[in-house]
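Notes for the one structure printed next.
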Amino acid sequence: MRLTALDERAAKAGLFKTMALTDARAQFENLDIAFASPRKDAALLEKLADWCDRYTPLVALDGADGLMLDITGCVHLFGDEHQLRRDIHQRLSQHGVVVRSAITGNAAAAHAFARHSAGDVIEDSALTQKLRRLRLVSLEIEDVHLAGLKRAGLRTIGDVEVLPRAALAARFGAGLVERLDALFGYAHHPISPRCVVPACMVERRMAEPLIVMDSVERVLHALGDELFRQLQQRVEGAREVEASFFRVDGEVRRIGIQAGRPLTDTKTLFRLLKERLSTLAEPLDAGYGFDIIRLAAVRAERTQTIQKSLDSTVQETEEIGGLIDRLSIRLGTGRVLRPHPVDTHIPERAVSLEPAVHTAANPPVEWAPVQHPGEPPERPVRLFQPPEQIETTAGIPDGAPAQFVWRRVRHTIVLAEGPERIAPEWWREHAGALTRDYYRLEDNRGHRFWVFREGLYERGQTTPRWYLHGLFA
Amino acid sequence: MVTTVNLTALRRDIASLSERNALEAQAPRSAFGFGDRSIDKVLGKGLQRGALHEVFAAQMHDAGAATGFVIALALRSSSDQSPIVWLEEDFAAQEHGFPYAPGLNHLGLDPQRLVIVRCSSPQDVLKAASDSLGIRGTGAVIIAPWSNPKCLDLTATRKLLLTAQQTGVPAFLLRLGAIPIDNSAVTRWMIRSNASRSSGANAPGHPVFDATLIRNRQGMTGHWILQWESDNHVFRQIEPVSGAVVSTPAHRPPQTRKSATG
């Protein structure tokens, strides 16, 4: 077993990473050790990243132990860069996190300064100078190449930077040149943020954390009004809203809401929010209080201004949309469904159930009218999925069954129609799929069934299997 | 002995009574009929629209018939194109088959109107039902819990009935694998399948229901054999098929068909 991480005191005492545990134990008898858990580390980092959302919505993970914040346009909220950095250090150290940080004009340089120097806020004008003074390790290139550079007598980034790029690339690989370009800001590498940048966002920072739920609700109300006012100016409504609650102890709770049509007012949003809150596995807990509450329209959509007419249908569609939203939030979007026709002859595939939330805003899909009007129904009202196997006695080998046993009850057939032959879709099925012959049957007590025989008699199938697939009205 | 009558109080009572009657007349309590004169005559103005109607499948194999009957009632009671919300408990669907949109289309229900809500528990079904009934834009609500759940009691059904009465949205309790227990439903139907009139060539015909109205808070009960005509959305009363369809066993005395006689 080897050491993977050290605290400050251990580092000062001369221990180092990759050192064998037994060696370390030999030096210090009562060494305090804990087993490494990359999973827990990652979870902690995710939590910190969530917390960092208070500074900017653009937060990305940087390796296994770093965070990259794009603070473009956010700095003035905290005064200047120095105040922002102080704020991060102060708050995080309160939570017992040791932080090293740097603020520079590009992500790669910030990474290098934070990890390989004391870290600071570095103005663009001083960037090149300070970069040149960094040691070669800060390049973070492969060990072989690093050793090669050192052997050549180079010590700092400045030593390497002045050399011709073509020669460097030829000798030490394109990686080194790319790295240099990134550091000096010649090449632009945007960060990939963890969360979607919302279309519109409003937040409230509290001097005193809010503990009472009533006041939390009041703040949310005010935020909702503000959010929808901003959206309204853009003639938009919110299809997806996320409420984030930043707790003083660093916990961040996010609650997302999806709506079938663009939301445009606080009242409707609150109805859905309440619905969502009541379904949460662990309820929203204010703990020591929330210090930031944020409301973001993650996805916005253009709204159509509808004139209220005397005709009440518009009002009614609005109402049914609201019902679909509420039920989808309470039961899950996969449980509130609308049937859509699918162009196939395979009965179980002829309908696809789509979440109603996704289709509410779009015009509904047209179902083709029934093919033979005036005829009795050709499809059952209830379909078994999967079909249930039955035992049959057929009058003639290729005909409809004379009787069958389903769920231990014998049905004697008096009326039968068929077969309706449905061939497998060869372009989709595996080779073993069999043709089905469907029959509409009625037994002597008036029950109507939809059964099929799987496989044909002539193709060497000795005993084709029979299944009950549906019940007619 | 002289009884003193407080005339003012009596007048007030009478006034309040007549006021209540007037209110009842005003409330959106329109009715819907079956489309067949003989049954509509028995039921007076037909069935109450904003009310709770309960439909039982007599036996496991009658689930298809009961479903069809409920769909037919939902179609009779709602206006064209109004959405129909179908709340189905997962277990009921597993046991009796999933509602199948193409088949509903054949019965005359445009699947576009349908919102299917799958609920994992009877509590979910009831909660969603009261939400759906509270919305005037709903055409009809089909409530299908499985068996006899405890939560579906007098109070729960009373609540559903009140909501339905307020908004005028018809509610249909589809009871599969269940036995009738007293509740607040306005009518209660027991549905069995019945022999259809063959459409020729020995093929099964239009759906035929053996419908027994076993409870009616507002009028008479009865028993009908009804055929559903999906093209024009009407029921038609038909004469039961004679027992000739089944050959009489040689060793047993002839027996009339059970389902036809109720």
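The values are calculated or read from the model by the stated rules, or taken from the named source; none is laboratory data. If you're wondering where the values come from, they're calculated on a predicted model, not measured in any experiment. Cβ placement follows ideal geometry from the backbone for every residue including glycine, while neighbour counts extend to all protein chains displayed. Protein only, heavy atoms only, side chains kept; ligands, DNA and RNA dropped before computing areas. Shrake-Rupley method; radii C 1.70, N 1.55, O 1.52, S 1.80 Å.
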Query raised in the report: In the stretch A:389-437, what trypsin sites (Lys or Arg not before Pro) fall in a loop by DSSP, with at most 11 other Cβ atoms inside 10 Å?
Result: A:R407, A:R408, A:R428
Query raised in the report: Looking at the stretch A:382-471, what % of the alpha carbon pairs are farther apart than 15 Å?
Result: 58 percent
Query raised in the report: When only Cα pairs under 8 Å and 6 or more residues apart are kept, what is the percent relative contact order across the stretch A:38-197?
Result: 23 percent
Report summary line: For the stretch A:47-183, the convex hull over Cα atoms projects on average to an area in nm² of 8.9 nm²
Query raised in the report: What translational diffusion coefficient, in µm²/s and rounded to a whole number, does the Stokes-Einstein relation yield for the stretch B:181-232 at 4 °C and a viscosity of 1.567 mPa s, taking the hydrodynamic radius as the Kirkwood radius over Cα pairs?
Result: 102 µm²/s
Query raised in the report: What full-extension length gain, to one decimal in nm, is calculated for A:D225 and A:A167 as 0.36 nm per residue of separation minus the Cα-Cα distance?
Result: 14.8 nm
Report summary line: The relative contact order of the stretch A:382-471, taking Cα pairs under 8 Å that sit 6 or more residues apart, comes to a percentage of 29 percent
Query - Coil-residue GluC sites (Glu not before Pro) of the stretch A:6-69, DSSP, other Cβ within 10 Å capped at 11 - result: A:E29
Query raised in the report: What whole-number value in Å² describes the accessible area per residue of chain A for a 1.4 Å probe?
Result: 56 Å²
Report task. May I ask for the accessible area buried between chains A and B, both sides summed, probe 1.4 Å, to the nearest 100 Å²? Result -> 5300 Å²
Report summary line: Taking Cα pairs closer than 8 Å and at least 6 residues apart, the relative contact order of chain A in percent is 9 percent
Report summary line: The value for the protein assembly as shown (convex hull of the alpha-carbon atoms, volume per residue, Å³) is 328 Å³
Query raised in the report: Expressed as a fraction of 2.2 N^0.38 Å, the rule-of-thumb size for a compact globular protein of N residues, what is the C-alpha radius of gyration of the stretch B:59-189?
Result: 0.96
**Report entry** Karplus-derived HN-Hα couplings along the stretch A:38-54 (A = 6.51, B = -1.76, C = 1.60, θ = phi - 60°), whole Hz, x at Gly and Pro
**Finding:** x, 5, 5, 4, 4, 5, 5, 5, 4, 5, 5, 4, 4, 4, 5, 4, 5
Query - Too-long pairs where the Cα-Cα distance tops 31 Å, listed order kept, from A:K47/B:K127; A:K274/B:K150; A:K40/B:K127; B:K45/B:K159; A:K267/B:K127 - result: A:K47/B:K127; A:K40/B:K127
Query raised in the report: Based on DSSP H runs of at least 4 residues, each adding -39500 (n - 2.57), what is the mean residue ellipticity at 222 nm of chain A after dividing by all its residues, to the nearest 500 deg cm²/dmol?
Result: -9500 deg cm²/dmol
**Report entry** For the stretch A:200-302, Kirkwood radius (reciprocal of mean inverse C-alpha pair distance, Å)
**Finding:** 13.7 Å
Query raised in the report: What figure in square angstrom, to the nearest 10, would you give for the accessible area of A:H469 with a 1.4 Å probe?
Result: 0 Å²
Query - trypsin sites (Lys or Arg not before Pro) within the stretch A:37-112, DSSP loop, no more than 14 other Cβ atoms inside 10 Å - result: A:R100
Requested in this report: Sort B:F91, A:F449 by accessible area with a 1.4 Å probe, largest first.
Outcome: B:F91, A:F449
Query raised in the report: In whole Å, how far is the Cα centre of the stretch B:71-129 from that of the stretch A:42-60?
Result: 45 Å
Query raised in the report: Where the accessible area of the stretch A:382-471 is counted over protein heavy atoms with a 1.4 Å probe, how much of it, in %, is carbon and sulfur?
Result: 51 percent
Requested in this report: In Å³ and rounded to a whole number, note down the convex hull volume per residue for the Cα atoms of the stretch A:150-250.
Outcome: 216 Å³
Query raised in the report: Dimensions of the stretch A:202-247 along principal axes (Cα, Å, largest first)?
Result: 35, 16, 16
Report task. Keeping all protein chains in position, work out how much accessible area A:H76 exposes to a 1.4 Å probe, and write it in Å² to the nearest 10. Result -> 130 Å²
Report task. Kindly identify the stretch A:317-432 as rounded, prolate or oblate by the Cα gyration tensor criterion: order the square roots of the eigenvalues as a ≥ b ≥ c, call it rounded if a/c is under 1.5, otherwise compare a/b with b/c, prolate if a/b is larger, else oblate. Result -> prolate
Report summary line: With all protein chains present and a 1.4 Å probe, the order of A:V235, A:V75 from largest accessible area down is A:V235, A:V75
